[in-house]
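The values are calculated or read from the model by the stated rules, or taken from the named source; none is laboratory data. All values reported here derive from a predicted model rather than from experimental measurement. Cβ placement follows ideal geometry from the backbone for every residue including glycine, while neighbour counts extend to all protein chains displayed. Only protein heavy atoms, including side chains, enter the accessible area calculation; ligands, DNA and RNA are left aside. Shrake-Rupley method; radii C 1.70, N 1.55, O 1.52, S 1.80 Å.
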Amino acid sequence: MDQLTHRGIFVQIDMTVNGRACSADVEDRTLLVHYLRDHLELTGTNVGCDTSSCGACTVHIGGQSVKSCTVLAAQVRGADVTTIEGMATDGELHPMQEAFRQCHGLQCGYCTPGMVMAATSLLSENANPTEAEVREGLEGNLCRCTGYQNIVKSVLSVGGQS
Amino acid sequence: MTIMGTPRLRKEDPKLLTGEGKFIDDIHAHGELWMGMVRSPHAHAKIQSIDTTEAAAAPGVHSVYTGAELQEMGLWVAPLPCAWPVTEDMVNPPHYPVAADEVRHVGDLVAVVLCDSRYGAVDAAELVEVDYEPLPVVASIDAAVTDAVMANTDISSNKAYSWALEPDPEAVDAAFAAADHTVVGEFVQQRLIPAAMEPRGVLAIPAPFGGDITFYTSTQVPHIMKVMLAATTGIAENKIRVIAPAVGGGFGAKLNVNPDEILAVTLANKIGLPVRWTETRSEAAFSTHQGRGQNQKIEIAADANGKILGIRVHLDADMGAYMMLLTPGVPLLGSFLYTGVYDVPAFGFTCDGYFTNMTPTDAYRGAGRPEASYAIERAMDLLALEVGVGPDEIRRRNFLAGGEAFENLETASTLVFDSGNYGPNLEKALKLADYASLKAEQQRRREAGESKQLGIGMCTYVEICGLAPSRALAGLNYGAGGWEHAMIRFLPTGTVEVVSGSTPHGQGHETSWSMIVADKLGVDPDDVHVLHSDTAHSPLGLDTYGSRSLAVGGTAIAMACDKVVDKARLIAAHQLEANPDDLEFDGGMFRVKGTPTAEIPIQGIAYEAFTAHNLPDGMEPNLQEQVTFDPENFVFPFGTHIAVVEVDEDTGGVTLVGYTAVDDCGPQVNPMIVQGQMHGGIVQGVAQALWEEASYDEAGNCKNPSFLDYLVPSPMEVPNMVLDSTVTPSTSNPLGVKGAGEAGTIGSAAAVINAVCDALSPYGVTDISMPATPQKVWRILRDAKGGEA
């Protein structure tokens, strides 16, 4: 077994990330989250589990939230990906980021990028959710610090029926 | 105080919100090698042989080491540390980072691969072939107690220690002999997986020349880590720099000194290349310690009115396979709290610690105190039933000091409680929760025979934190002190650096410390910069655990500020040609009393101290002071938690529908942060009550190591909580503050289970074990109804 075979096939993956064209040669089995973190050095997207349960790795692909640990980078060639690094513009926090800050919606901050991405996606589908809808919409994102109360409050403050 | 006591947004947030915060897995070093861990699939076995040939030949592999090879290489000079040998004769067989001949829990390390990629390391580890001879397994406390099977072939009994707190055993016996009522509670504190959202990880970077090593690790305890690395690896302590980067939650699970940490440092030091590892979530059930794991028996003796005469407690505690840093001491931290907030004339506590073939246990949010609070608060409800009064009334009848305010009160558990005022706290919580209306609604549903019944449960907890007076720790045979260090440094241009020995992992220390300094020095909080979590910046510290940061570390900061002001006053007096006693200091300005125009800002003093052109004779230049604060007593926060659950009699499902908590942690520096701590803490205790359990089969396999089946609650499972507080200042520190990090967890599990039992009480149900799963509730109801569901 030669090295290349054993390591899988190296493929060139091109995609648009945070509005910029990106390219890297990676193993075909490379998960999107590791492509972003290890190859593009966009380390804001975190890995919290290995079963697609926690949502720390949530990014947007074509505007929709996706758990980037469940997707091969090769599957989303050519896609338009947004990570947490692409949310603040011109030195201003995205309104959802600002809401998390104002409402103390984060403590250790590890789940936060995924929460912010999931929450913005939620509001793009339902601009005016109830508290119950926010909780249901964020069911796939786990946080161990906040008890969720201030996360829900953050999301409702941006676009909900608070 | 103008800034302390007000909610203030956190300094930490912008970095964390934008992905700029650097956690351990975000940091890389050129030429780094990944450790691929080869772990035992057996809970107990002899290692017969290991074949590393194929792994060594795998692409990108630098080297492969078995436990025996590592032992021969002499990489460590001492076993992994246990800093808390609770008794002189505690049994603690040597535990090295990688097993050489015998594995003692599933996931025990047997070999390690070094490889140049994240995925390659995992692949290569799978190529290591190990022959095991399985040995009999001890997979529960009950099995350990019988000694039918040994969890370790080097021991002759699974019992590692017996520890007792029995100030007056005869008095306890007399109390039970004289009792009109006695109740017995037998409770199981199931094992829990701490599950900080960030998995642990390490990166050890050796300097090319000179032998220095920089060690990044996802830890709560960089300072303790540095000492322990020196002690176990033989690397000189002054060659080691430990850095805790942004740490994604700890909850106790990141206060250990783990095999992977010793391994990374020693291998990097040996081969001269950076070595790293990040645990996977499923691996964490084996590579990071678990919490709880106790069988409890509590007995209360009371008179005819339900007034407590005595309490007797025995614990059998599950150490797991090895004594980790604080493993044996965790039950002791709870020992002093089994008398709760009550006036208990006679008290006795005994604890036996047992080895098992499961992942080691150690501190998990609350560490010993949630267990204690659970036992006494469940038992108080049993006593209320026995005596025939409500749970609120049984508590009122037994509160320390009759439920009135007290200071420095000695209790039957030998400790002096700093301050308390339990009665008003309970009444405030009952009012806030509208207890009377809840009981009325419960009665209505019962009479209507509705399928969803209401249960209301309360917990009036006290906890012990602010660890700790060093002398008190010495009395418990703890290996270190409990002080904390702080330095305050005015920079020449008027901004302030705070050097803190406390090590945050989500608690917002940078914000809170800035608020203390701003108030004390009259500066803008944004002009205060806090250095922490890096032993090169902050050489002295004892880190963050046991809700100690504010009460010990925050106090050190406040005291160091006072020293800065004292020195600045002398300089100001010199410059203003006034007597120091004639100066007042307010809002960052020194003024001569009665001469408002004669004033000088502290920033100006700082510059004068820097240039040293015109200082009082003999005074050292610069405006910088340090304090190491060693408190004389612990702090004892308390509060009342009221949980409301809905039990679906058709399905057994329990839904938490309401939660009210009135906590008292003394004056709050930043109420926003305190509330956040309470929210998260409460949900962790609720999770123990209703969902979480690290479940093991008879072969010692953890059956639910991943987030698929270990049920960390999602936003769907918890309601909004209603919080309020009372304020009873501590006498243990000049700020009067108490800890808030663990109180939520300490108060909530008992409140929830008391609520579940309350809902089931019409069927004669008085207890249910945690977690109160739908299956368990359904079966209890079926049995209570005579076999019909």
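Under the convention that each Lys and Arg Cβ holds +1 and each Asp and Glu Cβ holds -1, the size of the dipole of chain B around its Cα centre is about 780 debye. Across chain B, where is the longest run that never hits trypsin sites (Lys or Arg not before Pro) in a DSSP loop with at most 12 other C-beta atoms within 10 Å? Longest run free of exposed loop sites: B:1-592.
Of the listed pairs B:520/B:593; A:153/B:520; B:428/B:563; B:439/B:776; B:11/B:738; A:153/B:297, which have alpha-carbon separations greater than 31 Å here? Going by Cα-Cα distance, A:153/B:520; B:428/B:563; A:153/B:297 fall outside the 31 Å limit. Which shape class, rounded, prolate or oblate, goes with the stretch B:1-96 when its Cα gyration tensor gives a ≥ b ≥ c as root eigenvalues, a/c under 1.5 marks rounded, and past that a/b bigger than b/c marks prolate? Here the stretch B:1-96 falls in the oblate category. Neighbours of residue B:442, meaning other residues whose beta-carbon lies under 13 angstrom from its beta-carbon, give a summed charge of -1 when Lys and Arg score +1 and Asp and Glu score -1. Running Debye on the stretch A:1-92 with equal point scatterers at the Cα sites and no solvent, what base-10 log of I(q)/I(0) appears at q = 0.19, 0.20, 0.26 Å⁻¹? Reported log10 I(q)/I(0), two decimals: -0.84, -0.92, -1.39.
Mean sequence separation of contacting Cα pairs (under 8 Å, at least six apart), scaled by the length of chain B, corresponds to a relative contact order of 15 percent. Dipole check for the stretch A:3-86: with +1 at the C-beta of Lys and Arg, -1 at the C-beta of Asp and Glu, and the Cα centre as origin, the magnitude is about 120 Debye. Within the stretch B:1-26, the residues that become at least 40 Å² less accessible when every protein chain is included than when their own chain is isolated (1.4 Å probe; DNA, RNA and ligands ignored) are B:9, B:10, B:13, B:16, B:17, B:18, B:19, B:23, B:26. Its DSSP H runs of at least 4 residues, each contributing -39,500 (n - 2.57), put the calculated 222 nm mean residue ellipticity of the protein assembly as shown at -8500 deg cm²/dmol, to the nearest 500.
Taking every residue in B:719-728 and counting other chain Cβ atoms within 10 Å of its Cβ, the average works out to 2. Accessible surface buried by the B/A pair amounts to about 4800 Å², both sides summed, 1.4 Å probe.
For the protein assembly as shown, the percent of C-alpha pairs falling in each 20 Å distance bin, counted from 0 to the bin holding the largest distance, reads 14, 45, 34, 7, 0. About the centre of its Cα atoms, chain A shows a dipole size close to 300 debye [charges on the beta carbon of Lys, Arg (+1) and Asp, Glu (-1) only; nearest 20 debye].
Think of the stretch B:151-215 as having a plus end and a minus end, set by charges on the Cβ of Lys, Arg, Asp and Glu; of B:206, B:165, B:187, B:206 sits farthest toward the positive end of this dipole. Size descriptors for the stretch B:483-629: radius of gyration and Dmax over Cα atoms are 15.6, 48 Å. Averaged over the residues of B:276-286, the number of partner chain Cβ atoms lying within 10 Å of the residue Cβ comes to 2. For the stretch B:483-629, the relative contact order works out to 32 percent when only alpha carbon pairs closer than 8 Å and six or more residues apart are counted. Each of B:537, B:464, B:493 was scored by the projection of its Cα onto the charge dipole of the stretch B:422-564, and the greatest displacement toward the positive side belongs to B:464; charges sit on the C-beta of Lys, Arg, Asp and Glu. Looking at the stretch B:676-714, the GluC sites (Glu not before Pro) that sit in a DSSP loop and have at most 16 other Cβ atoms within 10 Å of their own Cβ are B:698. Mean silhouette area of chain B, derived from the convex hull of its C-alpha atoms and averaged over all directions, reads 36.4 nm². Surface analysis of the protein assembly as shown yields an accessible area of 34 Å² per residue, using protein heavy atoms and a 1.4 Å probe. Between the DSSP loop rule and a limit of at most 14 other Cβ atoms within 10 Å, which GluC sites (Glu not before Pro) in the stretch A:124-162 are left? Counting only loop positions with at most 14 other Cβ atoms within 10 Å, the GluC sites (Glu not before Pro) in the stretch A:124-162 are A:139.
So what's the gap between the Cα centers of the stretch A:1-79 and the stretch B:439-483, to the nearest angstrom? Between the Cα centres of the stretch A:1-79 and the stretch B:439-483 lies a distance of 44 Å. Within the listed set A:34, A:94, A:60, the Gaussian network model of chain A (springs between alpha-carbon atoms below 10 Å) gives the highest mean-square fluctuation for A:94. Taking the charge dipole of the protein assembly as shown about its Cα centre, with +1 at Lys and Arg Cβ atoms and -1 at Asp and Glu Cβ atoms, the residue from B:330, B:705, B:287 reaching farthest to the positive side is B:705.
Measuring between their Cα centroids, the stretch A:115-130 and the stretch B:164-227 lie 39 Å from each other. For the stretch B:369-510, the equivalent ellipsoid derived from the Cα gyration tensor has semi-axes of 42, 22, 15 Å, listed largest first.
Loop-located GluC sites (Glu not before Pro) across the stretch B:88-134 with a Cβ neighbour count of 13 or fewer within 10 Å are B:88, with loop assigned by DSSP. Where the centre of each part is set by its Cα atoms, how far does the stretch B:660-731 sit from the stretch B:762-777, in angstrom? Here the two parts' Cα centres lie 20 Å apart. Compactness of the stretch B:628-766, taken as the C-alpha radius of gyration over 2.2 N^0.38 Å, stands at 1.25. Candidate cross-link partners of residue B:307 among the aspartates and glutamates, defined by an alpha-carbon separation under 16 Å and a same-chain spacing of 8 or more, comprise B:180, B:299, B:343, B:377, B:381, B:386, B:392, B:393. For the residues of B:671-679, the average number of beta carbons from a partner chain within 10 Å of their own beta carbon is 4.
Taking the accessible area of the stretch B:595-720, probe 1.4 Å, and keeping the other protein chains in place, the carbon and sulfur fraction comes to 47%. For residue B:270, a cut-off of 22 angstrom between C-alpha atoms picks up these lysines, skipping any fewer than 8 places away in its own chain: B:226, B:239. Surface composition of the stretch A:3-86: carbon plus sulfur atoms hold 48% of the accessible area, using a 1.4 angstrom probe and ignoring ligands, DNA and RNA. Projected onto its three principal axes, the C-alpha set of the stretch A:95-159 covers 28, 22, 17 Å, listed from the longest axis down.
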